[in-house]
Amino acid sequence: MHFAFVCLPAAGHVNPTLPVVAELVRRGHRVTYATSAPYAKAVESAGAVFFESGEDLAAMLPRIKTPADPAASPRMGMLAGLGAGMMSGLLERLLERARIEFPALLTRLTADPPDAVCYDAMTLAGKMAAMKLALPDIALQPTYATNEHFSMRELMPARAPAEMLKAWKQVRRLITDFAAEQGLEDFTFMEGPPASLSICFIPREFQPAGETFDASFHFVGPSPGQRTTEELWQPRAQDRPLVFISLGTTPLNDRPDFFRMCLEAFAGTDWQVAMAIGDRMNVSELGEIPDNVEVRPSFPQIDVLRHADVFLSHTGMNSTMEALYFEVPIVAFPLQPEQEANARRVQDLGLGRRLPAEALSPELIRTVIADVSNDQEIRRNLETMGQRVRSAGGAAAAVDAIEHFMSAPEPVSG
């Protein structure tokens, strides 16, 4: 069979799907994968045919920040830092790109028809293409799923700024109008009935109200053990505890003050530190680097987590799942609403703690990390959750579900 994958161009959305692509190809299927150019090599390495579509979110965000956004403060979560202007700007930019990309995607899929469209739940073009071409629809969920019993909104802060809600409603109207122009009168973005099949890259036990989701939702968890890395990483010392510090790949990780506090927190201690600072700042901005700290723009995360004692993370879902897979306690420092929700979930399930954003200091960072590392209850909870994550099935279970869905007879109407 031929599958079209349409994915939001962001690492946390593309990476969970690549083991599924590789497994489909291994079983003899063909995959055309639409996303932005920075992911071409990874997509082709998984065995798919790459089709350029979309603008990389990491490149897009810096261009749409508005002067009113207070995102420069390292002490603020993204709900505060992501002002209404930036949020509406991002959604409007996605819509602007969709006006170009959707017709091009339709042309490609019409010329080489797939048997089904597998689309990231946050893409416009993927869901619209499945509807427009009347193809089986398979949603790819890198984060929490939604049904009549649970909505992602329940994990968000209770009081979202009124201007943000207003901006969201305005952009939704624009999206609805655009879909209507394409002949899709009943299109709803990120709401409405679920896809015919949903592949969720988290275990059911991490999903709030997980027991209420029906058989069309398959909670397969992550597949980090199937990802190859560009390099093998080893800690400098095998007999010293290791903390891994990373705030992800988005422009919001540009936090020199935060990273300087981390350096001060662990300088001269028994801890060894692997600290990823992203590619938007230079190591020289941090001042003197202690001997027990290794600083890079990025690390091979899977390799580091195999050795880490604690992960100080932004709690993006991909990073959270990889930490749970390797049973690494999490100290959360979220930068945006979804990550805030993940941090709350991690703490509620006893898998780590949230680092307070208020009165943040090197001493507080060091104390929280030491406490989490030594917390035996967290270790026990991680052992249980780690077993659930690893036994969820990963890419093989995802492809089993897709193949079963595609082989099922169509329901008889009337």
Report task. Could you tell me whether segment 284-291 includes any residue that is in a loop (DSSP other than H, G, I, E, B), among the acidic types (Asp, Glu) and in contact with a helix residue (DSSP H, G or I) (Cβ under 7 Å, 6 or more places away or on another chain)? Result -> no
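Looking only at segment 11-29, how many residues end up being within 20 Å of the chain's Cα centre (by Cα) and over 14 Å from residue 126 (Cβ atoms)? Before you say what the answer is, go through the steps one by one.
Going through segment 11-29, the residues within 20 Å of the chain's Cα centre (by Cα) turn out to be 11-22.
Retained after the next criterion (residues that are over 14 Å from residue 126 (Cβ atoms)): 11-12, 15-16, 18-22.
The qualifying residues number 9.
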Report task. Take residue 269 and decide whether it is in contact (Cβ under 8 Å) with a residue 24 or more places away in the chain, buried (at least 21 other Cβ atoms within 10 Å of the Cβ) and part of a loop (DSSP other than H, G, I, E, B). Result -> no
Query raised in the report: Among 292, 282, which is without any contact (Cβ under 8 Å) to a residue 12 or more places away in the chain and either surrounded by fewer than 24 Cβ atoms within 10 Å (Cβ to Cβ) or under 18 Å from the mean Cα position of the chain (by Cα) (or both)?
Result: 282
Report task. Might you let me know whether segment 377-390 holds any residue that is at pLDDT below 95, more than 18 Å from residue 271 (Cβ to Cβ), surrounded by fewer than 14 Cβ atoms within 10 Å (Cβ to Cβ) and not assigned by TED's automatic domain parsing to the domain that holds residue 217? Result -> no
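Considering only residues of segment 104-149 that are charged (D, E, K, R) and farther than 30 Å from residue 322 by Cα, which is modelled with the lowest pLDDT? Don't jump to the end; show me each part of the working.
The initial filter retains those residues of segment 104-149 that are charged (D, E, K, R), namely 108, 112, 115, 120, 127, 132, 137, 148.
If we keep only those that are farther than 30 Å from residue 322 by Cα too, we end up with 108, 112, 115, 132.
On the way: 108: 96, 112: 97, 115: 98, 132: 93.
The qualifying residue modelled with the lowest pLDDT is 132.
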Query raised in the report: Any residue in segment 296-318 that is farther than 17 Å from residue 244 by Cβ, modelled with pLDDT of 95 or more, more than 19 Å from the chain's Cα centre (by Cα) and surrounded by fewer than 21 Cβ atoms within 10 Å (Cβ to Cβ)?
Result: no
Report summary line: If we keep only residues of segment 198-249 that are in contact with a His (Cβ under 7 Å, 6 or more places away or on another chain) and more than 22 Å from residue 140 (Cβ to Cβ), then the residue modelled with the highest pLDDT is 242
Query raised in the report: Of (1) surrounded by fewer than 16 Cβ atoms within 10 Å (Cβ to Cβ); (2) among the hydroxyl-bearing types (Ser, Thr, Tyr); (3) touching a residue at least 40 places away in the same chain (Cβ under 8 Å), residue 373 satisfies all except one. Which?
Result: (1)
Query raised in the report: Do any helices (runs of 4 or more DSSP H) entirely within segment 1-79 hold 2 or more residues that are modelled with pLDDT under 95 and not assigned by TED's automatic domain parsing to the domain that holds residue 361, and if so, which?
Result: 11-14, 57-64
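Does residue 344 satisfy the criteria of being surrounded by fewer than 23 Cβ atoms within 10 Å (Cβ to Cβ), modelled with pLDDT of 95 or more and among the basic types (Lys, Arg)?
Numbers: surrounded by fewer than 23 Cβ atoms within 10 Å (Cβ to Cβ): yes; modelled with pLDDT of 95 or more: no; among the basic types (Lys, Arg): yes.
No, not satisfied.
Per-residue answers, yes or no, for (1) of a type in the set (Phe, Trp, Tyr); (2) over 17 Å from the mean Cα position of the chain (by Cα); (3) over 11 Å from residue 127 (Cβ atoms); (4) in the same structural domain as residue 381 (by TED's automatic domain parsing):
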| position | (1), (2), (3), (4) |
| --- | --- |
| 179 | no, yes, no, no |
| 185 | no, yes, yes, no |
| 199 | no, no, yes, no |
| 207 | no, no, yes, no |
| 211 | no, yes, yes, no |
| 214 | no, yes, yes, no |
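The values are calculated or read from the model by the stated rules, or taken from the named source; none is laboratory data. Everything quoted here is computed from the prediction, not taken from an experiment. Because the Cβ atoms are built from the backbone with ideal geometry, glycine has one as well, and the counts that use them run over all protein chains shown.
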